[in-house]
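Handing you this structure, nothing more for now.
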Amino acid sequence: MVFLMAIFAGCSTYPTIDSYLSFNIVRLVGFSAPNRVTINQDTNLIAVGKIDTLKDYDTAGTAAYLLRTSEIRRCYLHSNTEGFTLDKLVYARVLIGTDTVAFDSIPQFASDPFELTVSKKDITKLMQDTSFKATLQCKFRTAPASPTIITCGMTVVHTAVSKAVSP
């Protein structure tokens with residue numbers, strides 16, 4: 001009797017469970033800060049992040065439309081301009097679209113790169129396109145001596161359905 005139950009259980013007509021996979025991609029966005037910023041005032045620096053959906057997602061065995069979750073797990077700022085240090089910022093807040101994905105106050109003598117606290121907000125819809133709007137909201141303690149590039153590095157962790165099992 002137990003043998004027959006095992007055979008019938010193995011012949012179930014229930015649909016298979018989707019096979020999910022996880023992978024991460026590092027995205028870099030460069031924010032341009034002019035040397036004429038107003039100090040001690042909130043400033044928005046806007047940049048466009050690019051996504052090569054074919055290369056990035058194909059390599060992982062999935063596609064943009066198969067993404068189920070996408071969230072920033074690591075976010076850091078780095079100054080690309082000699083003479084400009086990140087401690088010239090009072091705080092930094094990074095947004096993808098309108099969602100805050102990372103933030104922190106920046107202490108004097110902050111390290112470079114400087115790690116921000118991440119919110120782990122789900123940004124899947126924004127990662128399914130070929131680009132995304134990124135904003136660095138910050139306040140400058142002192143203005144840069146020359147135009148400056150602040151790079152934001154983000155490790156995006158994705159969960160997706162494998163192309164091999166998608167309908």
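The values are calculated or read from the model by the stated rules, or taken from the named source; none is laboratory data. Note that the structure is predicted; figures quoted are calculated from it, not measured. Glycine gets a Cβ as well: all are built from the backbone with ideal geometry, and neighbour counts include every protein chain shown.
Given the criteria in a strand (DSSP E or B), at negative phi, in contact with a helix residue (DSSP H, G or I) (Cβ under 8 Å, 6 or more places away or on another chain) and of a type in the set (Lys, Arg), does ARG74 qualify?
no
For segment 108-120, state whether one or more residues are out of contact with any Pro (no Cβ under 9 Å at 6 or more places or on another chain), farther than 28 Å from SER70 by Cα and without any contact (Cβ under 8 Å) to a residue 24 or more places away in the chain.
yes
Then there is this: Could you please tell me which pairs satisfy a Cβ distance under 6 Å, a separation of 6+ or placement on different chains, a first residue in segment 73-86 that is more than 16 Å from MET154 (Cα to Cα), and a second residue that is part of a loop (DSSP other than H, G, I, E, B)?
Final answer for the pair search is GLY83/ALA145; PHE84/PRO144; LEU86/ILE106; LEU86/ALA110; LEU86/ASP112.
Report yes if ASP18 is modelled with pLDDT under 90 and either among the acidic types (Asp, Glu) or under 15 Å from the mean Cα position of the chain (by Cα) (or both), otherwise no.
Against the criterion (modelled with pLDDT under 90 and either among the acidic types (Asp, Glu) or under 15 Å from the mean Cα position of the chain (by Cα) (or both)), ASP18 qualifies.
From the residues in segment 57-71 that are assigned to a strand (DSSP E or B) and not hydroxyl-bearing (Ser, Thr, Tyr), which one is surrounded by the fewest Cβ atoms within 10 Å (Cβ to Cβ)?
Among residues in segment 57-71 that are assigned to a strand (DSSP E or B) and not hydroxyl-bearing (Ser, Thr, Tyr), the one surrounded by the fewest Cβ atoms within 10 Å (Cβ to Cβ) is ARG68.
Taking HIS158, is it at pLDDT 95 or above and crowded, with 19+ Cβ neighbours inside 10 Å?
So HIS158 passes the test.
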